[in-house]
Amino acid sequence: MDQPSRRIEREFGVPFPGEIQPQAKWTQTALKAMPEGTLDWATLFGRVAPVVLDLGCGNGRSTIQSAVTRPSHDHLGTDILPVVIRYARKRANQRGLANVRFAVLGAWELLERHIAPGSVAEIHCYHPQPYYDPAQIHRRLITPAFLALTHRCLKPNGLFVIQTDNPGYWKYIQSIVPVFFDFHERIGRWPDAPKGRTRREIVAMKKGLPVFRGIGTAKPGLSEDEAIPLAEALPPPTFDADRRLRDLDRRA
């Protein structure tokens, strides 16, 4: 009997988005070198379409799910860890996706150097690292300056999606994000991925931990010149990250 030409992968018992295609349909999703300036989306993807950024995308589960279910959108996932990007690229390649690219790159560097103002439709950030060591808290991603930069990169009314299972981080997010975005908490699981959009979310829910989800739209009429002084006046993310969650970070 012939072997099936497509198959489903599972992660912690949860199907990974998309089906592995016959090798003849595989694609190349690696963005190995960034340009000197901003990315030209039409050149990168060969078309004009709404662009979705997934910052700290890990093994690519959330990026790939969106690319599979929304072929009308183009996607760029980045992470600072080469090993997880290798997994993401391999899985996207095997699914024959032409509307996704992956790069090894930090979120701040991507937005500041390579994203033109008002050029992307959505920016997603799932489970940013809270950093438990007091000496490392300056590395926390979600700061007022970062949110001002995120607002700059989004189109008017562009979407910002944020998720964490860290209560301290969430409390800070709730206090800061509404300065730049019309923001509300998503009550309940994502309807498109009730078992988790990301590997980390799946692990957290299996452990019975609460997962905090929020969605915001970029406030219209807030210019970069106005956003920067707003950011400078806001407090940095010096919350208590709760070291009891550190083991979960290591597993995820």
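We did not get these values from a lab; they are worked out from the coordinates using the rules stated. Nothing here was measured: the structure is a model prediction, and the numbers come from that model. Because the Cβ atoms are built from the backbone with ideal geometry, glycine has one as well, and the counts that use them run over all protein chains shown.
Key figures for this structure:
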{"read-out": "Cα-projected label distance for Phe12 with Trp26, points at 7 Å along beta-carbon direction, nm", "value": "2.8"}
{"read-out": "Range in the chain, longest, excluding exposed GluC sites (Glu not before Pro) [loop by DSSP; at most 14 other beta-carbon atoms within 10 Å]", "value": "37-252"}
{"read-out": "Ranked list, fewest to most other Cβ atoms within 10 Å of each Cβ, for Ser62, Ser223", "value": "Ser223, Ser62"}
{"read-out": "Computed magnitude of the charge dipole of region 48-251 (debye, nearest 20; Cβ of K, R +1, Cβ of D, E -1)", "value": "1180"}
{"read-out": "Separation in nanometres of the label points that stand 7 Å from Cα toward Cβ, at Lys155 and Leu44", "value": "1.5"}
{"read-out": "Surrounding net charge for Val51, when Lys and Arg each add one and Asp and Glu each subtract one, Cβ distance under 15 Å", "value": "+1"}
{"read-out": "From phi via Karplus (6.51, -1.76, 1.60), per-residue ³J(HN,Hα) for region 16-24 in Hz, x at Gly/Pro", "value": "7, x, x, 10, 5, 8, x, 4, 4"}
{"read-out": "Neighbour cut-off at most 16 other Cβ (10 Å), DSSP loop, chymotrypsin sites (Phe, Trp or Tyr not before Pro), region 26-109", "value": "Trp26"}
{"read-out": "All lysines inside 17 Å of Lys155 as judged from Cα atoms, apart from same-chain residues fewer than 8 positions distant", "value": "Lys219"}
{"read-out": "Ala233-Gln174 FRET efficiency (beta carbon distance; Förster radius 22 Å; 0.05 resolution)", "value": "0.80"}
{"read-out": "Residue order, fewest to most beta carbons within 10 Å, for Thr29, Thr217", "value": "Thr217, Thr29"}
